[in-house]
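Below is one structure, written out as structure tokens, with a few remarks after it.
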């Protein structure tokens with residue numbers, strides 16, 4: 001074994017085989033010009049590719065891996081780069097060897113090259129006797145009628161749509177390969193034109209009529225092209241980028257989502273929207289992680305309509321913290337709750353760790369009632385920023401104690417067990433059923449949606465955020481005082497971290513139902529300003545393709561964490577125009593005080 005091959009073997013043994021060991025997919029990826037990779041064979045094989053192409057030139061008794069005789073490099077032979085690694089795979093039972101195709105593209109004269117390859121392969125009986133491995137000859141080949149003269153382990157790449165009538169010849173054909181550029185000039189961006197789509201589809205159909213798998217070479221090498229070839233039924237998807245193509249195609253099924261259920265949408269009256277009249281109540285809805293892409297995906301999943309996206313007063317909000325361009329929920333919610341930018345993980349404290357007055361405390365002194373609703377635990381970062389003052393969001397027990405003596409009148413959220421041993425009942429009536437919230441005559445009331453985490457919609461949560469919001473508003477309305485209500489849809493963020501588009505959309509539609517409830521309340525009262533925003537964007541979501549009529553969405557994610565992207569703020573009701581423009585997240589606090597006509601003490 002050469003030093004080069006030994007290096008490759010060590011590299012491979014130290015690398016992960018998880019991708020290669022994945023379940024069998026309904027497509028195969030062909031590593032075109034694989035020898036150009038910085039780690040030939042291993043990069044394709046370790047990423048789950050099941051067809052690998054190597055250009056070969058026969059000279060001085062050796063089969064060199066090269067496209068041209070002038071580019072020959074000593075020791076870069078088919079044995080060193082492909083046969084010895086393949087032998088290692090067999091001996092050590094590495095990865096998934098099911099249906100591996102080695103396509104040998106002869107650049108030198110066909111007959112002598114093929115004879116030398118057969119002589120070389122005889123040194124590797126494990127390879128030629130393994131039914132899972134196919135050796136396929138491409139490039140310069142013998143005449144079709146001579147294929148039958150070669151060993152059973154040798155098959156050929158047929159580069160024509162001309163019908164083969166002789167069964168013995170047909171049996172020696174492994175696949176059909178054609179130059180894409182002779183069918184279409186598409187560059188892999190956007191969509192195939194209708195005409196080109198028909199031409200390409202016709203070629204694929206003709207190939208399949210011969211009962212052979214099909215491959216285009218010369219096809220554009222992009223995500224759009226890979227997806228198009230897969231959807232059109234190309235059996236071997238051609239690529240010069242084995243890592244990215246495998247990552248993209250093998251994740252495609254879980255990133256394409258067909259949303260089934262459509263939620264009803266409310267059309268606002270706009271009677272009081274943007275009017276310069278006094279604001280009595282504030283409803284602040286926070287979709288955790290809910291950026292513009294998430295809202296777009298949700299709208300498409302709901303057949304192209306949301307209550308939220310009918311609103312006219314829209315701003316963009318920067319979310320950076322005092323110490324980082326990327327915020328967490330604690331710092332973002334603290335900025336909105338206190339009007340001060342702070343450090344990540346800080347709750348209700350300034351960058352020096354000192355408590356700073358939050359909006360529920362300030363408004364309590366002005367005769368306002370306040371409520372907090374969340375699909376997170378009540379000790380979660382976003383709700384906690386509106387009642388707690390701790391220098392780390394992980395101080396759960398101290399955060400739970402802060403709720404007891406907080407100035408809020410209402411809470412609804414998860415995580416009852418986080419308050420075990422606390423004396424919440426000293427200041428709050430804890431009701432067992434959600435429906436009791438709206439009926440309660442107590443000054444302060446709370447309800448836990450769960451003992452631990454609140455189940456998401458897709459896993460059977462039996463109460464909508466709309467129903468929860470309705471109960472909270474009914475309670476606060478009975479007080480006959482102005483109020484501030486924060487409503488958080490937490491799990492848009494959770495599913496963003498998981499890169500789960502189905503969860504993002506199901507939670508997003510649930511969030512929109514709460515928006516509906518808030519807007520209806522605003523229209524009924526005429527003095528309630530509704531603000532709908534996020535604390536940050538999660539997952540760097542993009543939407544390469546979507547179809548509102550069928551409600552099918554393809555999602556792509558750049559991260560499983562928060563991003564620095566600005567988030568939208570939608571405002572509805574009197575003085576909503578105050579929230580137009582581009583501004584910092586801590587300015588939301590000051591804008592709320594301005595429209596309420598309230599000054600900080």
query: Which value results for Rg/Rh of region 110-255 when Rg is the Cα radius of gyration and Rh the Kirkwood radius based on the inverse mean 1/r?
result: 1.01
task: Mind pulling the angle between the C-alpha long axis of helix 194-208 and the longest principal axis of the chain? Nearest 10 degrees, somewhere in 0 to 90.
output: 50 degrees
query: Rounded if a/c is under 1.5, else prolate if a/b beats b/c, else oblate: with a ≥ b ≥ c from the C-alpha gyration tensor eigenvalues square-rooted, which is region 282-590?
result: rounded
message: Give me the one-decimal nm value for the distance between modelled label points at residue 152 and residue 547, 7 Å along each residue's Cα-to-Cβ direction.
response: 4.5 nm
- request: Order by neighbour count: 104, 136, fewest other Cβ atoms within 10 Å first, most last.
  value: 136, 104
- request: Would you mind checking the tilt of helix 3-14 against the longest principal axis of the Cα atoms of the chain, expressed as 0 to 90 degrees and rounded to 10?
  value: 30 degrees
query: Which whole number in µm²/s is D for region 202-322 by Stokes-Einstein, with the Kirkwood Rh taken over Cα pairs at 20 °C and 1.002 mPa s?
result: 110 µm²/s
- prompt: Is the shape of region 256-333 best called rounded, prolate or oblate, per the rule: a/c under 1.5 gives rounded, else a/b larger than b/c gives prolate, else oblate, with a ≥ b ≥ c the square roots of the Cα gyration tensor eigenvalues?
  reply: oblate
query: Which angle between 0 and 90 degrees, to the nearest 10, do you get for helix 110-121 versus the longest principal axis of the chain when only C-alpha atoms count?
result: 70 degrees
- request: Within 10 Å of each residue's Cβ, count the other Cβ atoms and sort 27, 521, 45 from fewest upward.
  value: 27, 521, 45
- prompt: Over the Cα atoms of region 437-485, Rg to Rh with Kirkwood Rh, two decimal places?
  reply: 1.03
field: Segment residue 398-residue 258, length gained on full extension (0.36 nm per residue, minus Cα span)
entry: 46.1 nm
field: Segment residue 59-residue 97, extension gain: residue separation times 0.36 nm, minus the distance between their alpha carbons
entry: 10.6 nm
- request: At 0.36 nm per residue, minus the direct Cα-Cα distance, what do residue 451 and residue 559 gain on full extension? Give it in nm, one decimal, please.
  value: 35.8 nm
message: Can you divide the C-alpha Rg of region 106-153 by 2.2 N^0.38 Å and report the result to two decimal places?
response: 1.15
- prompt: Across every pair of different alpha-carbon atoms, what Kirkwood hydrodynamic radius in Å does region 3-253 reach?
  reply: 18.7 Å
task: Taking only the C-alpha atoms, wrap a convex hull around the chain and report its volume per residue in Å³ as a whole number.
output: 185 Å³
- prompt: Can you give the Kirkwood hydrodynamic radius of region 504-597 from its Cα pairs, in Å with one decimal?
  reply: 15.6 Å
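Any read-out appearing in this document is the output of simple, stated calculations on the displayed coordinates, not a laboratory observation. Note that the structure is predicted; figures quoted are calculated from it, not measured. As a convention, Cβ positions derive from the backbone with ideal geometry for all residues, glycine included, and neighbour counts pool all protein chains shown.
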